[in-house]
Amino acid sequence: MIGNDIIDLALACEESDWQREGFLDKLFTAEEQEFILNYSLPESMVWILWSMKESAYKIFNNATGKRAYIPLQLVCSLLENKDNCFYGKVTCAGMNFFTMTYISNDCIETIAVDKHEYFDKISVVDNSTIITKINDLPGFYDENKKRYRSVSVSHHGRYKKIVTLN
Amino acid sequence: MDKNTEIEKLKEIVKPYVKDHAAFNDLHEETDFIRDLKINSANLVDIILDVEEKFGIVIDNDSMERMLNIKAALEIIETKLAER
């Protein structure tokens, strides 16, 4: 399974005050907060970790059918930083999700998968593709492959991304 | 505080974060913050913090998990107000 999350940083800056009292405490574990505050660009790290939680939650929600606001149960760890891409892991209720987060000046994007080898199978779907829902899961009919393919869609401000697994 | 006052107070809190104003005008107990009002999930925490401030209560993590719609929010507010 795959889940993604995209954040328009200009809009995030407008919509959220991450320094508001209680904000970090409700969304991030003590270790995550320490990591944010010790990072050279704390605000960027807030949104990197948040997008990791959001993308992992999408898989968790699809896999379990459970809906809940559980940011503190989605525990992030960052494993490697290579060429503006952070590789990380999110654990939730004994499940592991693997994440890759791309960072540019005004956008952060995370793609999460539930098996590490799926990193090689990620493909981007054209934004003009018509996405429908079957059993509450978004997807599209692939004319070439003659089958329905599930996707993860994320849209925030100026950015939109649709991803799937091959 | 009666229920209507609570709903009105909650609506005032929620309003600045709403993206779907038609759904807000049609607000009822089952209205979902994210699915119906299209509130950004990162702003749900602002609603929780605003509710804590405006109602003078503390919303623990277990309650926060359920805070997805108007009905759940009202139940949590009522429970926490009664515990004070």
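Comparison of B:60, B:50, B:46, B:2 shows that the only residue that is under 20 Å from residue A:72 (Cβ atoms), charged (D, E, K, R) and open to solvent by 30 Å² or more (accessible area, probe 1.4 Å) is B:60. When restricted to residues that are under 28 Å from residue A:9 (Cβ atoms) and either of a type in the set (Gly, Ala, Ser) or not in a loop (DSSP other than H, G, I, E, B) (or both), region B:60-84 contains 3. Of everything in region B:5-22 that is open to solvent by 10 Å² or more (accessible area, probe 1.4 Å) and of a type in the set (Asp, Glu), the residue that is nearest to residue A:67 (Cα to Cα) is B:20. Screening the candidates A:2, A:6 for the property of being in contact (Cβ under 8 Å) with a residue 24 or more places away in the chain, open to solvent by less than 40 Å² (accessible area, probe 1.4 Å) and either within 13 Å of chain B (Cβ to nearest Cβ) or of a type in the set (D, E, K, R) (or both) yields one hit, A:6.
Please find, within region A:152-165, the residue that is most open to solvent (accessible area, probe 1.4 Å) out of those that are under 13 Å from the mean Cα position of the chain (by Cα) and aliphatic (A, V, I, L, M). Across region A:152-165, the extreme among qualifying residues is A:153. I'm trying to understand the selection: among the residues of region A:21-71, which are more than 18 Å from the chain's Cα centre (by Cα) and acidic (Asp, Glu)? Scanning region A:21-71 gives A:21, A:25, A:31, A:34. The set of residues from region A:119-151 being open to solvent by less than 50 Å² (accessible area, probe 1.4 Å) and within 24 Å of residue A:7 (Cβ to Cβ) comprises A:119, A:122, A:123, A:125, A:129, A:138, A:139, A:140, A:151.
The set of residues from region A:115-130 being assigned to a loop (DSSP other than H, G, I, E, B) and out of contact with any Phe, Trp or Tyr (no Cβ under 6 Å at 6 or more places or on another chain) comprises A:115, A:126, A:127, A:128, A:130. Report yes if residue A:62 is at pLDDT below 95 and under 21 Å from residue A:118 (Cβ atoms), otherwise no. So residue A:62 fits the description; yes. Provide a single number: the residues in region B:63-84 that are open to solvent by 70 Å² or more (accessible area, probe 1.4 Å) and in contact (Cβ under 8 Å) with a residue 60 or more places away in the chain. So the count comes out to 1. Being open to solvent by less than 60 Å² (accessible area, probe 1.4 Å), among the hydrophobic types (A, V, I, L, M, F, W, C) and farther than 19 Å from residue A:157 by Cα is true of residue A:113. Evaluating residue B:25 against the criteria (1) of a type in the set (S, T, N, Q); (2) open to solvent by less than 20 Å² (accessible area, probe 1.4 Å); (3) out of contact with any Leu (no Cβ under 9 Å at 6 or more places or on another chain) leaves one unmet condition, (2).
In region A:55-74, the residues that are within 12 Å of chain B (Cβ to nearest Cβ) form no Cβ pair under 8 Å with any partner that is surrounded by fewer than 16 Cβ atoms within 10 Å (Cβ to Cβ) and of a type in the set (Asp, Glu), whether six or more places apart or across chains.
Tell me, please, whether a residue that is small (Gly, Ala, Ser), more than 23 Å from residue A:154 (Cα to Cα) and within 14 Å of another protein chain (Cβ to nearest Cβ) can be found in region B:67-79. Among the residues of region B:67-79, at least one is small (Gly, Ala, Ser), more than 23 Å from residue A:154 (Cα to Cα) and within 14 Å of another protein chain (Cβ to nearest Cβ), which makes the answer yes. For region B:28-43, the set of residues classified as surrounded by 15 or more Cβ atoms within 10 Å (Cβ to Cβ) and not basic (Lys, Arg) consists of B:31, B:32, B:33, B:34, B:36, B:37, B:39, B:40, B:41, B:42, B:43, listed by residue number.
The values are calculated or read from the model by the stated rules, or taken from the named source; none is laboratory data. Computed from a predicted structure; not experimentally measured. As a convention, Cβ positions derive from the backbone with ideal geometry for all residues, glycine included, and neighbour counts pool all protein chains shown. The protein model used for the area step is the full one, side chains on, heavy atoms only, and it has no ligands, DNA or RNA in it. Shrake-Rupley method; radii C 1.70, N 1.55, O 1.52, S 1.80 Å.
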